[in-house]
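Chemist: I have a structure I would like to understand better, so I am pasting it below and will then ask my questions one at a time.
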Amino acid sequence: MTYSEKLFDFSGGDQVIKDNNLDKEIKVKKMTQKFELDPSRPAEEQMRKAVFNLEIDEIVIYYHFKEGQIFRKPSHYNRNELRNSGN
C-alpha cells in the first residue's frame with residue numbers, strides 16, 4: 001500500500017476513535033487505501049484503490065488498467081453483506 005486517507009466527522013458515533021490532539025472522540029466516515037502496481041503480476045488483477053464509505057456501508061474497489069485500457073468499471077460491495085458472509 002502506498003497511500004491511506006481518512007475522512008472524519010467530529011460528532012462521534014459508531015466508528016469512533018479518540019483524537020489526542022483535539023482531546024475528543026471523532027467518527028470515521030470514509031477511508032481510502034491506494035496500492036502500487038506490481039509489474040510482475042497482471043495489472044487488471046491488482047487493486048488500485050479501495051474506498052470504504054462507513055456512512056452508507058459501501059466498499060468500492062478500483063483496479064489498475066492493463067496496457068491500452070482507458071476505463072474500467074469499479075466493483076461495488078455492501079459492507080454488511082461481506083461481513084455477514086464471512087469472506
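Throughout, read-outs are computed from the coordinates displayed, never taken from laboratory work. Remember, it's a predicted structure, so these values are computed and weren't measured experimentally.
Chemist: Check PHE35: other-chain or 5+ apart residues with amide H under 5 Å from its amide H, H built from backbone geometry?
Modeler: For PHE35, whose amide H was placed from the backbone, the distant partners under 5 Å are THR2, LYS49.
Chemist: Also, I was wondering about something else. Would you mind checking which residues have amide H under 5 Å from LYS29's amide H? H placed 1.01 Å from N; only 5 or more apart, or other chain.
Modeler: Distant-sequence amide H within range of LYS29: LEU7, PHE8, ASP9.
Chemist: Can I ask one more? In sequence order, what are the phi-derived ³J(HN,Hα) couplings for segment 35-48 according to the Karplus relation 6.51 cos²θ - 1.76 cosθ + 1.60 with θ = phi - 60°, rounded to whole Hz, with x for glycine and proline?
Modeler: 10, 6, 7, 8, x, 7, 10, x, 4, 5, 9, 10, 5, 9
Chemist: At each listed q (0.19, 0.21 Å⁻¹), what is the log10 of I(q)/I(0) that the Debye formula gives for segment 3-85 modelled as equal alpha-carbon point scatterers?
Modeler: Those come out to -0.89, -0.98, one per q.
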